[in-house]
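What follows is one structure encoded as structure tokens, with my remarks underneath.
Every number here is computed from the coordinates shown, using simple stated rules; none is lab data. This is a predicted model, so every value here is computed, not measured. Ideal geometry is used to build each Cβ from the backbone, glycine not excepted, and the neighbour counts take in all protein chains shown.
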Amino acid sequence: MADLSMDMCGIKSPNPFWLASAPPANSGEQVMRAFDAGWGGAVWKTLGEPIVNVSSRFGSIDYQGSRIAGFNNIELITDRPLETNFKEIAEVKKKYPKHAVVVSLMVETKEEWRDIIKRSEDAGADGLELNFGCPHGMCERGMGSSVGQEPSVLERITSWVMEYANVPVLVKLTPNIGDILDPGRAAVRGGADGLSLINTIKSLMGVDLDRMVPMPRVGDASTNGGYCGPAVKPIALHMVAALARDPKVKIPISGIGGISNWRDAAEFMALGATTVQVCTAVMHYGYRIVEDMIDGLSRFLDERGLARANQLVGMAIPNYLEWGQLDLNYRVVADINAETCIGCQLCYVACQDGAHQCIHLGTTPCQAYHGAHDHAQSVRLLEDPVAHDPLHAHKPRVPWVDEDECVGCNLCALVCPVEGCITMREIPHDAGRESWNERVAKSR
Amino acid sequence: MAWKLPHERLEKKFEDKKPLYTKAEALVEAHRCLFCHDAPCIKSCATAIDIPGFIKQIAHGNMRGAAHTILSANMLGASCAQVCPVEVMCAGSCVLNDLNETPIAIGRLQRYATTEGLRDEVQSQRKLFTPRPAVGKKVALIGSGPASLACAGYLALAGVKAVVFERDELPGGLNTTGVAPYKLVSDDALREVGWILSHGVELKCGVALGKDITVDQLLDDYDAVFLGLGLGRDRSLGIPGEDADGVWGATFLIRAIKHHASFTIGEHVRQIAVVGAGNTAIDIARELAELTAAEVIMVYRRSRGHMSGYAHEMKQATQSGVRFMENARPVAIESADGQVTGLRVAVPEGSYTVPCQWVVQAVGQERIAATMDLGVAFDSHGRIVADEHRRTSHPRVYAGGDCVNGGREVVNAAADGRIAAYAMLASWGLDY
């Protein structure tokens, strides 16, 4: 079995799965139960000057009957006394010396940073995470994402922290910016040991149309919150990868954003995350989800012949290129398997209305506006699909692909409800590889 | 509503086999629908309801819209949701069958949508449909079954005065009197009748064609007449011994079970033979098997493969304990002291007596229309001849439902009613 242990800029944990700084890591009792369940580390819910929370606090969107495709919250940092938190951190570290306990912090003045760093380290924190990401409530007070959105401020506060800290320091970034490289590089300049991202995305969860109040509702009003959960994963993946491949960053990254299972975790790791942090999936299903994260990742690493989880980190980064570097000569076309097709014709309507009008119905030749470069000028008679594929005679609802016109966009395969029915078949060619950048360079 | 049913009746002892979905159940099921292009389910519906359309509306929480989609294609969408054999219609053609998945429970979703939509109509005091102003046309409809009600409903919405004549005290036709109680109870059927009437349709119960009114008279007073006569009494087998106590007609018995307070089944009835293998035979056999401790056996003159009843219905009847005897032709009913003791059947090997205290004849109903002087043409099977617009040989007389098709589903009758209504409107140059 592969070695899952991780060393993230000096913070060691038995596996890469950490609880993110959030309600699941709010108290010692919770963190200890999480460690018992299998979590390798926890980033304690952000400590700072005690605040007051509102009721209610969470919202979610369901998608086609599935609960919590996306989630948001308007909860602030810890509302428990600092002494209580530090006492519990010390207890957890005493009982679980091999697990990672990272303390998330958010204060304002240099003196406050010095004080809270000392108290965290005295309690036994293995590392610190600077919360420069919270996009609701705290940012109105000049903290959280209001720091993360100003690279110079972020750099200055990071350098204050580095003056005082004796344990590794992670800077947690907000995605609510134009280019993630700006705050990422600022953290590196400030001396950070590592990065964690993404924090939540500024959001309004929806509107109660009966009351005309956004959600989640607090009395007769609401406010913008932070968005997370499965729906944000692609955004987070991009930001993690953008930093992981940046030559000016080169510090370890803890990936966060919609991670719900081992496969999500493996994808983040392949794109450069050393550890991953999870919140929404735990809020939905509880700590036990880590069991299959461990099991699934172990089996995957074994299958790939990787002895250690850290070998996976960044494996897909060389294959994340700019658009201008992609091969223009690579071509695929849709292939509908008439045997398994159930005739729902979703591919047909998707191609007609949403893509490039290359999928057709009927068992007789059909007229389609095809053949011209702009796809909308001339009429071309297409051949009889039955002659093409005798199965069409028995299954007249099976659509067929005009391969000459198919641009290989994937849409039909994406909407098809039958697993493996539509595949994208590669068209061999002997033209070699040529990217847009190369073509432009040649034409100069 | 004016129509009262006895409080105590056997109908209430049955369990609803496909109960109303909760909202959560409906949403989960609605989200399973693939929203097919050119959906096969629509093509399998006689009324061509936009099924993927109303299912999407349920999924998006637009229950009024879903009900409107259904009811604008099928005025009897609420009862059809419960009585349609969806297994051989819309759900039978669902593409998920080809994926070896359970097809979408279209009937149950339709029941949910119509129930919620009509509940909202009552709560919000806003009707789903607003009839147009009167256009100065009058139509008489004979019989108050699904065909006439659908026709009358769509006529009323178009501003036509529709008057329905019913010989019974209860309106609704077979929906009220003849549907197995585990599918649809009479209260729900009558509620639907009331809803259709609420759009301005006039109903006259206790008025019999041939006695109180004639088609000729009606043609004098009305612009058109719609015949929704249904079928007649249960056919008898025409074998010796039919006058003994314990011989019943299937639809008579079904109605008795649904409505009568005093109708009871004696303890001496330990075996019941149901003759026939159509859907009515299956219904009554299953009802009796579920209601009594008696052994119920269906007796069919041909082999099982020839039966006209649906396989899925037969399977459920079998699960309720109904047995099936094929290739057995009834030849006589045996009795002692005027009470049935057995059914004599001819089998390929000779003949045999099935011991029973009841014999239920479920071999079809009489073609009542052919026995009346209606002034329209009939075919050799005693069915009224109607064209694709449901117009008979008389240019102002239309017909639909069982009296035309010989006995099909409620949805076919509802479709006939709408087609006839729209044909009448078109003949007067009116929009529908």
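Counting only other chains, what is the mean number of Cβ atoms within 10 angstrom of the Cβ of each residue in peptide A:339-349?
Averaged over the peptide's residues, the number is 5.
R0 = 60 Å: FRET efficiency of B:K18 with A:D353, Cβ-based, nearest 0.05?
FRET efficiency, B:K18 to A:D353: 0.95.
Would you compute, from DSSP H runs of 4+ residues alone, the mean residue ellipticity of chain A at 222 nm, taking -39500 (n - 2.57) per run and dividing by the full residue count, rounded to the nearest 500?
-9000 deg cm²/dmol
Output the antiparallel fraction of DSSP beta bridges having both residues in chain A, as a percent to the nearest 5.
Taking every DSSP beta bridge with both residues in chain A, the antiparallel ones total about 50 percent.
Considering chain A as a Gaussian network with a 10 Å cut-off on Cα pairs, which listed residue, A:P428, A:P168, A:P151, attains the greatest mean-square fluctuation?
Ranking A:P428, A:P168, A:P151 by mean-square fluctuation puts A:P428 first.
In whole Å, what are the extents of region A:97-237 along the principal axes defined by its C-alpha atoms, from largest to smallest?
Computed over region A:97-237, the largest-to-smallest principal extents equal 54, 32, 31 Å.
Going by the alpha-carbon gyration tensor, a ≥ b ≥ c the square roots of its eigenvalues, is region A:175-309 rounded (a/c under 1.5) or, if a/c is not under 1.5, prolate (a/b greater than b/c) versus oblate?
Taking the square roots of the gyration eigenvalues as a ≥ b ≥ c, region A:175-309 is oblate.
Can you compute the modelled spin-label distance between A:K98 and B:E326, with each label point 7 Å from Cα toward Cβ, in nm?
Each label point lies 7 Å from its Cα, and together they span 6.9 nm.
Can you tell me the alpha carbon radius of gyration of chain A divided by the globular rule-of-thumb value 2.2 N^0.38 Å?
Expressed relative to 2.2 N^0.38 Å, the Cα Rg reads 1.16.
Helix B:250-259 versus the longest principal axis of chain B: what is the Cα-based angle in degrees, 0 to 90, to the nearest 10?
70 degrees
What does the convex hull of the Cα atoms come to per residue for chain B, in Å³?
154 Å³
From the helices alone, meaning DSSP H stretches of at least four residues, give me the mean residue ellipticity at 222 nm for chain B, per-run term -39500 (n - 2.57), in deg cm²/dmol to the nearest 500.
-10000 deg cm²/dmol
With everything on Cα atoms, drop me the angle between helix B:279-291 and the longest principal axis of chain B, reported from 0 to 90° to the nearest 10.
Its long axis makes an angle of about 70 degrees.
Where does the charge balance sit around B:N327 when Lys and Arg score +1, Asp and Glu -1, over other residues with C-beta under 11 Å from its C-beta?
Local charge sum for B:N327: +2.
Averaged over B:87-99, how many beta carbons belonging to a partner chain fall within 10 Å of each residue's beta carbon?
For this peptide, the per-residue mean of nearby foreign Cβ atoms is 2.
If you count the DSSP beta bridges with both ends in the protein assembly as shown, what percent of them are antiparallel, to the nearest 5?
Once the DSSP bridges in the protein assembly as shown are tallied, antiparallel ones form about 40 percent.
What are the DSSP H helices in chain A that stretch 18 Å or more along their long axis, judged by alpha-carbon atoms, and whose average Kyte-Doolittle hydropathy comes to at least -1.0?
Both cut-offs are met by A:82-95, A:151-164, A:290-304.
Taking a ≥ b ≥ c as the square roots of the eigenvalues of the Cα gyration tensor of region B:253-296, is the shape rounded (a/c under 1.5), prolate (a/b larger than b/c) or oblate?
oblate
For region A:1-114, what number of Lys pairs, 8 or more residues apart or on separate chains, have alpha-carbon atoms under 21 Å from each other?
Lysine pairs meeting both conditions in region A:1-114 amount to 13.
Identify which of B:G65, B:G107, B:G143 has the largest mean-square fluctuation in a Gaussian network model of chain B, with springs joining Cα atoms closer than 10 Å.
B:G65
If you rank A:I289, B:I239 by fewest surrounding Cβ atoms within 10 Å, what's the result?
Going from sparsest to densest Cβ surroundings: B:I239, A:I289.
Using a cut-off of 30 Å between alpha-carbon atoms, which lysines can reach A:K395, once sequence neighbours fewer than 8 places away in the same chain are excluded?
A:K395 reaches B:K43, B:K56, B:K315.
What lysines could a cross-link reach from B:K4, if we take a straight Cα to Cα line under 22 Å and drop same-chain neighbours fewer than 8 places away?
Here the lysines satisfying the reach criterion relative to B:K4 are B:K12, B:K13, B:K183, B:K204, B:K258.
Measuring from centroid to centroid over Cα atoms, what is the spacing of region B:87-156 and region A:104-165 in Å?
The distance from the Cα centre of region B:87-156 to that of region A:104-165 comes to 63 Å.
For each of A:D353, B:D234, count neighbouring Cβ atoms within 10 Å of the residue's Cβ, then give the residues from fewest to most.
A:D353, B:D234
Work out from phi, with θ = phi - 60° and the Karplus expression 6.51 cos²θ - 1.76 cosθ + 1.60, the ³J(HN,Hα) of each residue of region A:322-330, listed in order in whole Hz, and give x for Gly and Pro.
Couplings: 6, 4, x, 9, 6, 7, 6, 8, 6 Hz.
Given the C-alpha centroids of region A:249-273 and region B:1-65, what is the distance between them in whole angstrom?
Centre-to-centre (Cα) distance: 45 Å.
Gaussian network model of chain A, Cα springs within a sub-10 Å range: biggest mean-square fluctuation belongs to which of A:W113, A:W39, A:W400?
Checking each option, the largest mean-square fluctuation is seen for A:W400.
Kindly give the semi-axes, whole Å and largest first, of the ellipsoid equivalent to region B:247-361, taking each as the square root of 5 times a Cα gyration tensor eigenvalue.
Equivalent ellipsoid semi-axes, largest first: 21, 19, 11 Å.
Going Cα to Cα from A:K172, which aspartates and glutamates come in below 14 Å? Please leave out same-chain ones fewer than 8 positions away.
A:E129, A:E150, A:E155, A:D182, A:D193
Please average, across the residues of B:174-181, the number of beta carbons from any other chain that are within 10 Å of each residue's own beta carbon, and give a whole number.
Counting other chains' Cβ atoms within 10 Å and averaging over B:174-181 gives 0.
For each of A:K87, A:K98, B:K161, count neighbouring Cβ atoms within 10 Å of the residue's Cβ, then give the residues from fewest to most.
Final ranking by Cβ density, sparse to dense: A:K98, A:K87, B:K161.
With the cut-off at 18 Å, report for region B:16-124 the share of all Cα pairs above it, as a whole percent.
When every Cα pair of region B:16-124 is considered, 41 percent fall beyond 18 Å.
Taking the convex hull of the alpha carbon atoms in the protein assembly as shown, what volume per residue do you get, in Å³?
Considering the Cα atoms of the protein assembly as shown, their hull volume per residue is 253 Å³.
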